[in-house]
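Let me begin by presenting the structure, written as structure tokens, before commenting on it.
The values are calculated or read from the model by the stated rules, or taken from the named source; none is laboratory data. The shown structure was predicted, so the numbers you read here are calculated from the model rather than taken from an experiment. Here Cβ is always computed from backbone atoms with ideal geometry, including for glycine, and neighbour counts include all displayed protein chains. For accessibility, only protein heavy atoms count, side chains too; no ligands or nucleic acids. Shrake-Rupley method; radii C 1.70, N 1.55, O 1.52, S 1.80 Å.
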Amino acid sequence: LPIMGDASMEPNISPPDSTTQQDSFFSMTDVFLISLITGLFTYWFFFRKKKEEVPDLPKMQSVAAPVRDSSFIEKMKKTGRNIVVFYGSQTGTAEEFANRLSKDAHRYGLRGMAADPEEYDLSDLSRLSEIDKSLAVFCMATYGEGDPTDNAQDFYDWLQEADADLSGLRYAVFGLGNKTYEHFNAMGKYVDKRLEELGAQRIFELGLGDDDGNLEEDFITWREQFWPAVCEHFGVEATGEESSIRQYELVVHTDVNMNKVYTGEMGRLKSYENQKPPFDAKNPFLAQVTENRKLNEGGERHLMHLELDISNSKIRYESGDHVAVYPANDSSLVNQIGEILGTDLDTIMSLNNLDEESNKKHPFPCPTSYRTALTYYLDITNPPRTNVLYELAQYATDAGEQERLRKMASSAAEGKALYLSWVVEARRNILAILQDMPSLRPPIDHLCELLPRLQARYYSIASSSKVHPNAIHICAVTVEYETKTGRLNKGVATNWLKNKVPDENRSNSLVPMYVRKSQFRLPFKPSTPVIMIGPGTGIAPFIGFIQERAWLKQQGKEVGDTVLYYGCRHEREDYLYREELARFRQEGVLTQLNVAFSRDQAEKVYVQHLLKKNKENIWKLVNEENAHIYVCGDARNMARDVQNTFYEIVAEYGNMSQPQAVDYVKKLMTKGRYSLDVWS
């Protein structure tokens with residue numbers, strides 16, 4: 001363009017002499033043509049080179065490589081496996097069950113592998129029949145309100161859209177759920193039904209584990225009937241007793257560069273020192289605690305409000321989302337395990353998978369120290385499952401203790417009852433078991449291999465990003481109780497958070513966290529009324545909701561009725577956010593503030609009693625004004641009682657029968673007008 005511009009200016013130059021002008025013109029034309037030809041040739045030359053080089057770029061070939069690796073069929077053929085156990089896991093339990101089933105396979109002359117559906121192309125299920133005696137097992141947990149777990153989302157989407165012919169596929173499903181939730185085991189039921197619809201052959205009935213009861217027993221009961229069905233189907237027999245097979249080998253590092261040792265990071269080494277977004281479960285953000293205050297004025301419990309600084313993290317959240325935090329185990333518990341096993345906890349080691357083809361090279365980030373593993377990576381406070389007891393039994397030198405451990409790990413009725421009473425109901429964790437069985441002294445590396453991973457804890461965010469874009473607020477109650485053995489058990493995350501104080505040196509104020517998106521959302525139109533029901537710490541998301549409605553009102557938006565039903569034990573002890581709620585009520589943001597103090601009078605009063613008291617107003621808001629209903633808190637009792645109350649209100653004021661009222665409320669749920677954020 002500059003050359004064209006310059007040339008176009010030529011006729012405007014005033015010539016003093018025609019001959020000079022002609023000479024000058026030709027010389028400039030020559031320069032112009034030479035420049036143009038040179039430029040075109042150079043452009044063509046480099047353009048041509050690039051076009052020729054593109055197919056040979058090594059990067060293009062490396063991109064295609066993972067696609068081949070994502071075929072679990074090729075991996076099974078290569079490693080001689082015929083059983084694949086997929087797991088949809090949010091807290092690690094389904095993954096643990098999948099690993100146990102894959103290990104079981106060797107007892108029947110079969111070879112299994114556990115697989116994360118997120119890492120493979122599940123459309124290959126149609127090819128599984130290429131492998132002799134092949135079987136796909138699915139251990140599927142249900143998360144939230146009937147949702148798939150994060151790692152099973154793609155598989156769920158594929159199942160919904162797939163029109164594949166799975167007629168050669170043999171399968172079985174074990175679901176992990178909780179009966180206190182509305183959509184009990186929805187994911188397990190859906191996978192089982194959908195695979196059959198696509199032509200697959202179910203070789204054993206769907207198992208439905210209930211975490212509100214005894215999930216471990218449900219799994220064992222299903223498993224002990226599942227394997228005989230597999231044997232019958234394939235014409236194989238058990239090759240012998242269950243045996244202890246190590247999955248990982250110990251490597252102790254005596255001379256190691258400490259810069260290459262994990263100190264609690266979840267994914268990338270040194271990720272806590274050199275933070276890089278985006279932040280998620282494998283790359284949490286270290287947020288500083290800027291406020292930690294006690295909310296209650298009395299009583300034995302400790303209810304707290306924390307504020308996490310997320311400035312410069314690029315983390316975005318919406319009211320109703322969850323914040324996940326990675327806690328650390330109590331150092332005194334870790335030290336006691338080290339002492340009882342006579343171990344130097346600062347030994348640097350790695351546990352390396354003996355199966356070189358496995359995607360999971362280590363059970364937790366390695367190399368690391370035993371102290372780091374027991375503090376940040378392993379669950380040492382929950383009662384261990386029966387497979388852990390079975391594997392540990394070999395290390396008990398006392399015959400009676402060894403027999404007791406094996407009995408609790410068996411499928412016999414007496415053994416199940418003993419496990420339930422001695423481990424589950426007594427809430428014995430691994431330290432308590434080691435203390436109560438003096439002859440049981442396993443190698444610490446095997447113990448670290450067997451213990452499940454310490455999981456992130458989720459909390460409903462108690463703030464609005466419209467008002468607090470650089471902070472996330474948490475409302476929580478510390479968990480602390482005495483067990484049947486007289487021990488004091490403390491909740492890992494809440495007691496760890498309790499000790500996180502604002503600190504200029506940052507050392508004791510950092511919390512590894514990330515945000516998990518939720519479906520618990522305010523209505524799209526601010527003018528839509530909302531009815532919020534959240535006793536205790538169930539008020540958390542509603543503080544965010546109210547903050548947001550106040551902000552919308554300040555922006556000049558028309559905001560509908562904002563109604564809160566809150567409950568606590570005593571008005572003078574644990575009335576959370578009393579001042580904030582009073583201010584919102586005074587400003588007219590909260591249209592109604594209904595509070596139930598359950599223990600301030602002889603007869604207990606709960607939120608559902610206040611709902612019944614105001615049932616006419618409730619019906620008007622729901623039926624005439626299309627209000628959205630939100631329930632947050634305890635799933636086992638409160639959420640169920642509240643739902644039953646809505647059935648009663650709808651039946652009475654809508655002139656409906658009980659089944660019609662139930663159907664009416666279920667339709668509200670389907671339309672997103674009755675939302676739950678509950679836990680048990």
Q. For the peptides 206-217, 337-348, what is the packing order when you average, over each peptide's residues, the other Cβ atoms within 10 Å and list the highest mean first?
A. 206-217, 337-348
Q | Reduced Cα scattering model of segment 515-654, Debye log10 I(q)/I(0), q = 0.10, 0.17 Å⁻¹ | A | -0.33, -0.97
Q: Give the Rg (one decimal place) followed by the Dmax (whole number) of segment 328-454, computed from C-alpha coordinates and expressed in Å.
A: 14.8, 42
Q | Sorted largest first, extent of segment 195-269 alpha carbons per principal axis (Å) | A | 53, 33, 31
Q) For residue 225 and residue 123 in one chain, what is 0.36 nm times their gap in residues minus the Cα-Cα distance, to one decimal in nm? A) 33.8 nm
Q) For the pair residue 259 and residue 599, how long in nm is the line joining their label points, each one 7 Å along Cα→Cβ? A) 5.6
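Taking every pair of distinct Cα atoms and averaging 1/r, then inverting, what Kirkwood hydrodynamic radius in Å comes out for segment 234-297? Could you put the intermediate results ahead of the total?
Details: mean 1/r = 0.0573 Å⁻¹.
Hydrodynamic radius (Kirkwood, Cα pairs) of segment 234-297 is 17.5 Å.
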Q | Subset of 179/361; 270/314; 270/360 violating a 24 Å alpha-carbon distance limit | A | 179/361
Q: Among 539, 645, 581, flag the residue with its Cα farthest along the positive direction of the charge dipole of segment 530-678, charges on Cβ as +1 for Lys/Arg and -1 for Asp/Glu.
A: 645
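Can you give the Rg to Rh ratio for segment 72-234, taking only C-alpha atoms and Rh from Kirkwood?
Ratio of gyration radius to Kirkwood radius: 0.93.
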Q | Cα-projected label distance for residue 158 with residue 314, points at 7 Å along beta-carbon direction, nm | A | 2.9
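Could you report the chain's accessible area per residue, 1.4 Å probe, as an integer in Å²?
Numbers: 33230 Å² over 680 residues.
Result: 49 Å² per residue.
Of all accessible surface on the chain at a 1.4 Å probe, what whole percent is carbon and sulfur? Present the calculation step by step, with values, prior to reporting the outcome.
Working: 16470 of 33230 Å².
Summing carbon and sulfur atoms, their accessible area is 50 percent of the total for the chain.
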Q: Mind putting a number on the dipole of the chain about its Cα centre? Charges go on the C-beta only, +1 for Lys and Arg and -1 for Asp and Glu, and I need it in Debye to the nearest 20.
A: 1020
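Can you give the calculated 222 nm mean residue ellipticity of the chain, where each DSSP H run of n ≥ 4 adds -39,500 (n - 2.57) and the sum is split over every residue, rounded to the nearest 500 deg cm²/dmol?
Details: 21 runs with 236 residues, N = 680.
Value at 222 nm, helices only, nearest 500: -10500 deg cm²/dmol.
Could you work out how much longer the chain between residue 413 and residue 197 gets when fully extended? Use 0.36 nm per residue separation minus the Cα distance between them, nm to one decimal. Mind dumping the intermediate values first?
Details: separation 216, 0.36 × 216 = 77.76 nm, distance 3.62 nm.
Fully extending the segment from residue 413 to residue 197 adds 74.1 nm.
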Q | Listed peptides 527-536, 224-233 by packing density, highest first (mean Cβ within 10 Å) | A | 527-536, 224-233
Q.
In 10 Å bins starting at zero, report the fraction of Cα pairs in segment 150-250 per bin as a rounded %.
A. 13, 34, 34, 18, 1
Q. Using the alpha carbon gyration tensor of segment 262-388, what are the three equivalent-ellipsoid semi-axes (square root of 5 times each eigenvalue), largest first, in whole Å?
A. 30, 23, 14
**Q.** lysines with Cα under 26 Å of residue 294, excluding same-chain neighbours fewer than 8 positions away
**A.** 466, 490, 498, 500, 604
Q. Which one of 136, 209, 156 has its Cα pushed farthest toward the positive end of the charge dipole of segment 72-234, where Lys and Arg give +1 and Asp and Glu give -1 at the Cβ?
A. 136
Q: Would you tally the net charge around residue 478, using a Cβ to Cβ cut-off of less than 9 Å, leaving residue 478 out, and scoring K and R as +1, D and E as -1?
A: +2
**Q.** Nearby aspartates and glutamates by direct alpha-carbon distance to residue 75 (threshold 16 angstrom, same-chain neighbours under 8 apart not counted)
**A.** 116, 118, 119, 121, 124, 130, 132, 355, 356, 357
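Which whole-number value in Å³ per residue fits the convex hull of the alpha carbons of the chain?
Details: hull volume 184.6 nm³, N = 680.
It comes to 271 Å³ per residue, whole-number rounded.
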